[in-house]
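A.B. asks: Shown below is the structure under consideration.
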Amino acid sequence: MLKLYNTLTKKTQPFKPLHEKRVSLYTCGPTVYSFAHLGNLKTYLFEDILKRVLIYHGYQVKHVMNITDVGHLTSNADSGVDKIEQEALTEQKSAWEIAEFYSQAFFNDLKQLNVIFPKIIAKATDYIPEDLELIKELERQGYTYRTSDGIYFDTSKLKDYGKLTGMNFEQLNKLLKAGARVEFSPEKKHLTDFALWKFSPTSGPKRQMEWSSPWGVGFPGWHLECAVINLKFLAGAFQRGKLIPKKAQTIDLHCGGVDHIPIHHTNEIAEVEAVTKKKFVNFWLHGAFLVVKEGRMGKSEGNAVLLTDLIKKGFHPLSYRYLVLTAHYRTPLEFSWESLKASEESLKNIFDFIYDCLWWQTKYQSEKPQNNLLPLNQIHKKWLEALDDDLNTPQALAAFWELINSYYQIRKNPQLKNKINFKAVYQTALEFDKVFGLKLNKITLPKIDSHLKQLITEREQARQQQQWNKADQLRKEIDKLGYLIEDTADGPKIITKEIYRNY
Ligand code: AMP
Ligand code: ZN
């Protein structure tokens, strides 16, 4: 039984979707004003693991992610400038071009990391009419007020505002007051109030992304877009463009990084629950930060490392996926090039193991295993129990390593070679990879053509006749063709050089 830690209840709880086999999952997408850094990608990887575990359990997952292409300001206190508009000025491009360019770069990162794409990817700018509908409904129900720069949500009107943080309205406001380093608009009634609609600025550069509304020309607030996309695609609360709050259904899962708890997710909850009077989301899951020695990795911290930086240094992108698997998603993970190198080594060893398994499977395929010495069921059980325990990927990896190590122990013992069911071992590894996502099914045996086969046979003969020079010469020829030979008690094992790089 899958158990997940729920930020809302602060407990690890058995996961049960509202509809027996269908799961609704929302993950907050990127703000596309720059390349995603490894920290952002850690969060998308944790969400991918969650989704894969759900799929493994046989659930049909309806996964929706937004793309924030408008409304995310440089300050979370509703001041500052729109990150995308700002980048457009810097790069001398249109805001739309900026959003499109960085969205594509983000998709490319996800592909390289073997992340399963969401069923629906919704750009915030495509749902402005729905945004207006939600604001109108909030206004109708008395949750809004107007200031000189926008329409705001009055957080004092909601009984349980802030529940995701474990604090109430008063405590949150007190905390903000004590720690306020940012400028809060003096017109805001409470520090926790937030913008639903911001008016386009009357001075400074003219905004490129702006829309007319019943309140004035402007653009939606960041939290509103996620609330609307949830209501539309997962909660089923829009019909022919009209918001029908009582139709809204609770969503099973909603995720993001821990930084989203106090503001972004707290405010999404406020917007949705204010109009629907119903629980917005059952399970809230949050991933801890990727950190470096000095603290959180982030663009504004100036310490962002990109996936492309890692590839430029010669790392396989999946070595980062492996690194993320080595830590539980709720513990901060420290990034260093050394830890990445160690992950790459481990990944390489896993590839070698898969290859070894495939190779000896063909060698022994005619011989039925007498019995299988490897306790595959037991290891599989450990693996699944680890994942079911709030996605404990380090424990699940430990089960995988138990499989690998016990495999070699038996495989390398000449007396026991018939006691491995290679096919079953290989299939168990692929089963694990349904969640790990390390593309292990892409590893295949080389096609050995007649020329290569002849060289191998000749070399074997030379070795048997102790013609070491000739054998060595033939090894070099084989090497030039791109293959390595490992001599084993059971004959030569041929390995494609760079199996690791090429797959
Ligand atoms: P953003 O594009 O800023 O909206 O962030 C996209 C996602 O990355 C959000 O879910 C953030 O919580 C998450 N995130 C940002 N920085 C980090 C970090 N250093 N480690 C892990 N996740 C992060
Ligand atoms: Zn969001």
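A.B. asks: On full extension of the chain, what length is gained from Lys423 through Thr250, given 0.36 nm per residue of separation minus the C-alpha to C-alpha distance?
C.D. replies: Here the answer is 57.9 nm.
A.B. asks: On a 0 to 90 degree scale, rounded to 10, what angle separates helix 422-436 from the longest Cα axis of the chain?
C.D. replies: 20 degrees
A.B. asks: Got a sec? How would Tyr127, Tyr320 order by Cβ neighbour count within 10 Å, fewest to most?
C.D. replies: Tyr127, Tyr320
A.B. asks: Take Cys226, Cys255 and order them by how many other Cβ atoms sit within 10 Å, fewest up front.
C.D. replies: Going from least to most buried by this count: Cys255, Cys226.
A.B. asks: Now, a different point. Hey, how much of the P(r) for the range 21-287 falls beyond 26 Å, as a percent of Cα pairs?
C.D. replies: Percent of Cα pairs beyond 26 Å in the range 21-287: 40.
A.B. asks: For the range 424-503, what is the convex hull (Cα atoms) projected area averaged across all directions, in square nanometres?
C.D. replies: For the Cα atoms of the range 424-503, the hull's average projected area reads 6.3 nm².
A.B. asks: Helix 393-411 against the longest principal axis of the chain: what's the angle in degrees, Cα atoms only, rounded to the nearest 10?
C.D. replies: Tilt relative to the chain: about 10 degrees.
A.B. asks: Modelled label-to-label distance, Ile55 and Thr331, 7 Å Cα→beta-carbon offset: nm?
C.D. replies: Here the modelled spin labels are 2.7 nm apart.
A.B. asks: Something else: In the chain, what percentage of the DSSP-assigned beta bridges are antiparallel, given to the nearest 5?
C.D. replies: In the chain, approximately 55 percent of DSSP beta bridges are antiparallel ones.
A.B. asks: Using all alpha carbons of the range 269-411, what is the percent of pairwise distances in each 5 Å bin, ordered from the shortest bin to the longest?
C.D. replies: Going out from 0 Å in 5 Å bins, the range 269-411 shows 2, 8, 12, 15, 14, 13, 11, 9, 7, 5, 3, 2, 1, 0 percent.
A.B. asks: Among Thr362, Thr393, which comes first, then next, by fewest other beta-carbon atoms within 10 Å?
C.D. replies: Numbers: Thr362 10, Thr393 22.
Taking fewest neighbouring Cβ atoms as first place, the list is Thr362, Thr393.
A.B. asks: Further, regarding this structure: Per the Cauchy relation, a quarter of the hull surface: what is the mean projected area of the convex hull of the alpha carbons in the range 142-204, in nm²? Display every interim value, and only then the final one.
C.D. replies: On the way: hull surface 20.2 nm².
Average projection, Cα convex hull of the range 142-204: 5.0 nm².
A.B. asks: When the convex hull of the Cα atoms of the range 348-442 is projected onto a plane and the area is averaged over all directions, what value comes out in nm²? Working shown, then result.
C.D. replies: Numbers: hull surface 23.0 nm².
Result: a mean projected hull area of 5.7 nm².
A.B. asks: Give, in nm to one decimal, the length gained when the segment between Gln92 and His380 is fully stretched (0.36 nm per residue of separation minus the Cα-Cα distance).
C.D. replies: 98.3 nm
A.B. asks: What is the spin-label model distance, in nm, from Leu484 to Gln104 if the labels are put 7 Å beyond Cα along the C-beta direction?
C.D. replies: With each label placed 7 Å out from Cα toward Cβ, I get 3.8 nm.
A.B. asks: With labels modelled as points extended 7 Å from the Cα through the Cβ direction, what inter-label distance (nm, one decimal) is found for Lys21 paired with Lys278?
C.D. replies: Each label point is offset 7 Å from its Cα along the Cβ direction, giving 2.3 nm.
A.B. asks: Compute the convex hull volume of the Cα atoms of the range 114-157, divide it by the residue count, and report the result per residue in Å³ as a whole number.
C.D. replies: Values: hull volume 6.3 nm³, N = 44.
Measuring per residue, one finds 143 Å³ for the Cα hull of the range 114-157.
A.B. asks: Can you give the FRET efficiency for Ser79 and Tyr145, using 1/(1 + (r/R0)^6), R0 = 22 Å, r = Cβ-Cβ distance, to the nearest 0.05? Please list the in-between numbers first.
C.D. replies: Working: r = 17 Å, r/R0 = 0.78.
Step by step, r from the Cβ atoms, then E = 0.80.
A.B. asks: Can you give the convex hull volume per residue for the Cα atoms of the chain, as a whole number of Å³?
C.D. replies: Convex hull volume per residue, Cα atoms: 174 Å³.
A.B. asks: Could you tell me whether the range 330-378 comes out rounded, prolate or oblate from its Cα gyration tensor? Rule is a ≥ b ≥ c as square roots of the eigenvalues, rounded for a/c under 1.5, then prolate if a/b exceeds b/c, otherwise oblate.
C.D. replies: Taking the square roots of the gyration eigenvalues as a ≥ b ≥ c, the range 330-378 is oblate.
A.B. asks: Taking the Cβ-Cβ separation of Gln454 and Ala398 as r and a Förster radius of 41 Å, what is the calculated FRET efficiency to the nearest 0.05?
C.D. replies: That gives a FRET efficiency of 0.40.
A.B. asks: Taking the range 365-440, how many lysine pairs are there with alpha carbons less than 16 Å apart, if each pair must be eight or more places apart or span two chains?
C.D. replies: Numbers: Lys368/Lys417; Lys368/Lys419; Lys368/Lys423; Lys381/Lys434; Lys382/Lys434.
So the count of such lysine pairs works out to 5.
A.B. asks: Here is a further query. Under 14 Å between alpha carbons, and skipping anything fewer than 8 positions from Lys189 in its own chain: which aspartates and glutamates qualify?
C.D. replies: Straight-line reach from Lys189, under 14 Å: Asp78, Asp149, Asp154, Glu170.
A.B. asks: How much FRET efficiency would the formula 1/(1 + (r/R0)^6) give for Lys470 and Lys447, where r is the Cβ-Cβ distance and R0 is 25 Å, rounded to 0.05?
C.D. replies: 0.45
A.B. asks: In degrees, nearest 10, range 0 to 90: what is the angle between the Cα axis of helix 468-480 and the longest Cα principal axis of the chain?
C.D. replies: 30 degrees
Values in this text are rule-based calculations from the coordinates and carry no lab data. Keep in mind that this is a model prediction, so the values were computed, not measured. Every residue, glycine as well, gets a Cβ built from its backbone with ideal geometry; the counts of neighbours run over all protein chains shown.
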